[in-house]
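Comments concern the structure below.
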Amino acid sequence: MSDPLRRIDALVEEDTLPIPRVRRQLRIAAGLTQTEVAEAIGVKRLSVAQWEAGRAQPHRGNRRAYAHLLRKLAEKHPDAAAEGASDGE
């Protein structure tokens, strides 16, 4: 399986997160702010900013919620998920 397909498959794993750039692209494609994502998950905006920058990873409960949100966004915005997944990161 090619590398981009693995990354896309990872979007559907229960708590696997896409690469940071795809996380950001999905949020932006949905028209959401980092604050809105943070409030939905129950964390601070800075946490979301760090997750999107790849400087930190969410802990277990937050990770599952964040992964769930990103999967739903990827379903609605497949181009945003595929666009970043094919960048070769």
Problem set entry | Spin-label pair Thr33/Ala49, simplified geometry with 7 Å Cα→Cβ offset, distance in nm | 1.3 nm
For this session: Can you send over the solvent-accessible area of Glu39, 1.4 Å probe, protein chains only, in Å² to the nearest 10?
Result: 140 Å²
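The values are calculated or read from the model by the stated rules, or taken from the named source; none is laboratory data. All figures in this text were calculated on a predicted structure; none of them were measured in a lab. No Cβ is skipped: glycine too gets one built from the backbone with ideal geometry, and neighbour counts run over all protein chains shown. For accessibility, only protein heavy atoms count, side chains too; no ligands or nucleic acids. Shrake-Rupley method; radii C 1.70, N 1.55, O 1.52, S 1.80 Å.
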